[in-house]
Amino acid sequence: MTADSAPAAAAAPQSFEQAMAELAQLVTQMESGALPLEASVAAYARGSELVKYCAAQLEKVESQVKVLEGDMLKPFSDDEATQ
């Protein structure tokens, strides 16, 4: 596999939303079946990186919420917001 054909060498995403958009695009390309084998492997590798990035971002936000709620996660409901 050459560096030219490896989208996995792409830079880290700038945001969670950007990572999710790129991941959705990769899934669409892979599901189409139009990618050659090498490109599919590279897309899978990049997708794995994006999933790890998104999971880390979600864990970071979850820990921030735990701090804000005194280490106790509570589901948000509209009833609580109006009180």
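Restricting to the range 26-40, name every residue that is among the hydrophobic types (A, V, I, L, M, F, W, C) and either under 18 Å from the mean Cα position of the chain (by Cα) or closer than 16 Å to Val51 by Cβ (or both).
Leu26, Val27, Met30
The rows are residues; the columns are (1) open to solvent by less than 90 Å² (accessible area, probe 1.4 Å); (2) modelled with pLDDT of 85 or more; (3) small (Gly, Ala, Ser).
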| position | (1), (2), (3) |
| --- | --- |
| Leu26 | yes, yes, no |
| Gly33 | yes, yes, yes |
| Ala39 | yes, yes, yes |
| Arg46 | yes, yes, no |
| Val51 | yes, yes, no |
| Glu69 | yes, no, no |
| Ser77 | yes, no, yes |
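The values are calculated or read from the model by the stated rules, or taken from the named source; none is laboratory data. In this text, all values refer to a predicted model and were calculated from it rather than measured experimentally. So basically every Cβ, Gly included, is an ideal-geometry build from the backbone, and we count neighbours across all protein chains shown. SASA here: full protein model, heavy atoms, side chains in, ligands and nucleic acids out. Shrake-Rupley method; radii C 1.70, N 1.55, O 1.52, S 1.80 Å.
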